[in-house]
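Comments concern the structure below.
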Amino acid sequence: MAENLNVLQSTQYIIEQALTRLGYSDGMVQLLKEPMRVLTVRIPVRMDDDSVQVFTGYRAQHNDAVGPTKGGVRFHPDVTEDEVKALSIWMSLKCGIVDLPYGGGKGGIVCDPRQMSFRELERLSRGYVRAISQIVGPTKDIPAPDVMTNSQIMAWMMDEYSRIREFDAPGFITGKPLVLGGSHGRETATARGVTIMINEALKKKGIHLKDARVIIQGFGNAGSYLAKFMHDAGAKVVGISDVYGGLYDKDGLDIEYLLDRRDSFGTVTKLFKNTLSNREFLEQECDILVPAAIENQITADNADRIRASIVVEAANGPTTLEATRILTERGVLIVPDVLASAGGVVVSYFEWVQNNQGYYWTEAEVLSRLQEVMEKAFENVYNVHITRNVDMRLAAYMVGVRKMAEAARFRGWV
Ligand code: GLU
């Protein structure tokens, strides 16, 4: 498979394969290979020095046959329209895999939040909500955090939306602070979901967690909490990295120290001399490799040199199609992004349910429901992988796309 496909094209390629294997027509492929709606907006923001900077933002809604669309908003300098479109399709697949009553959506703003002040970020967040307010809402499309966005940004967005609509709308967005209708367990949900996936994958490989050596690429929300959970569970975290470089110690890193020194954008390695390049880092000895950063990290160039026997994708889109083929042929068990990173949206769904009911759950209730949903999702995908003799990614797409396709068929769209 060509390596030069971008994330959207490779997603479309697997969607087509999944639908064809499930016996759907070309009409269904045409419907589901593109988002049904993409809005591009320009957001003028008054900067602290009184100049005006105009930012580009997107909101893509993949398909709402199952229910309102759902998915995060990322703030990143490299955001593109195709990336946001692909991410919205992945959200549909995630929601299908964990069986939520949602389709997928995604948003992004081309910006570098590391270079912006607190108040500039507030103005940008509010400006984005004003720009997209017509197409979003608690029963239309529900945003959430993603790369470099957090609960403070969700709070500003919720406040802006509530002011526009003139009623309190906590169900407009998830990943909010607890005092504004956030859910217990949302902050750590992606990492908890990944932890559950690691445990399931280890069972299939007959490895004990206490004997497992883990490398985690990325020290943001997912990566840092995952490092903590792995460390607390007695696994050896031998590698962590951030945008500036990687740290590796075969005897295990001092995770508590690293968590303590990490800044709010998940960077810590600047404190060290002699860090590894990203490339060297991914090729170090380990049992489990968790890409928890951004897209296209494991490619045809390095897939042969990955030493892990399990790859659990906490990031969206970290492994290319060709790399998936190489790893699968080498017997590496891949837990694909659309399954492995679904813990976040599962607890977002719980948050939205609590907002709609005005009745709030304990952390124990959230976590036990999350555990049940994620274990079942892993088993469903793994069974399709074995019984249909397809790789784990295609299996996940087949599970993820089925409900949406059925819903579209019942609605008479195809
Ligand atoms: N941005 C997260 C994801 O990619 C969470 C989305 C959500 O909670 O709606 O899955």
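Data table
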quantity	calculated
Neighbours by Cβ (under 7 Å, 6+ apart or cross-chain): first from the range 155-184, within 20 Å of THR69 (Cα to Cα); second assigned to a helix (DSSP H, G or I) and among the basic types (Lys, Arg)	GLU160/ARG126; GLU160/ARG130
Failed item, numbered, when THR328 is tested on (1) among the β-branched types (Val, Ile, Thr); (2) without any contact (Cβ under 8 Å) to a residue 12 or more places away in the chain; (3) open to solvent by 50 Å² or more (accessible area, probe 1.4 Å)	(2)
Members of the range 95-116 that are in contact with a strand residue (DSSP E or B) (Cβ under 8 Å, 6 or more places away or on another chain) and open to solvent by less than 10 Å² (accessible area, probe 1.4 Å)	CYS95, LEU100, TYR102, GLY103, GLY104, GLY105, LYS106, GLY107, GLY108, ILE109, CYS111, PRO113
Scan of the range 362-401 for residues that are farther than 27 Å from ARG186 by Cα and basic (Lys, Arg), ordered by number	ARG388
Residues (surrounded by fewer than 16 Cβ atoms within 10 Å (Cβ to Cβ) and out of contact with any Pro (no Cβ under 8 Å at 6 or more places or on another chain)) located in the range 40-80	THR40, ARG42, PRO44, ARG46, MET47, ASP48, ASP49, ASP50, SER51, THR56, PRO77, ASP78
Test: residue in the range 305-323 that is part of a helix (DSSP H, G or I), over 19 Å from the mean Cα position of the chain (by Cα), away from the ligand (no atom under 16 Å from the Cβ) and within 25 Å of GLU187 (Cβ to Cβ)	no
Test: residue in the range 206-227 that is among the small types (Gly, Ala, Ser), on the phi > 0 side of the Ramachandran plot and under 21 Å from the mean Cα position of the chain (by Cα)	yes
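The values are calculated or read from the model by the stated rules, or taken from the named source; none is laboratory data. Everything quoted here is computed from the prediction, not taken from an experiment. Note: ideal-geometry Cβ built from the backbone for every residue, glycine included; neighbour counts use all protein chains shown. Calculation scope for accessible area: heavy atoms of the full protein, side chains included, ligands and nucleic acids excluded. Shrake-Rupley method; radii C 1.70, N 1.55, O 1.52, S 1.80 Å.
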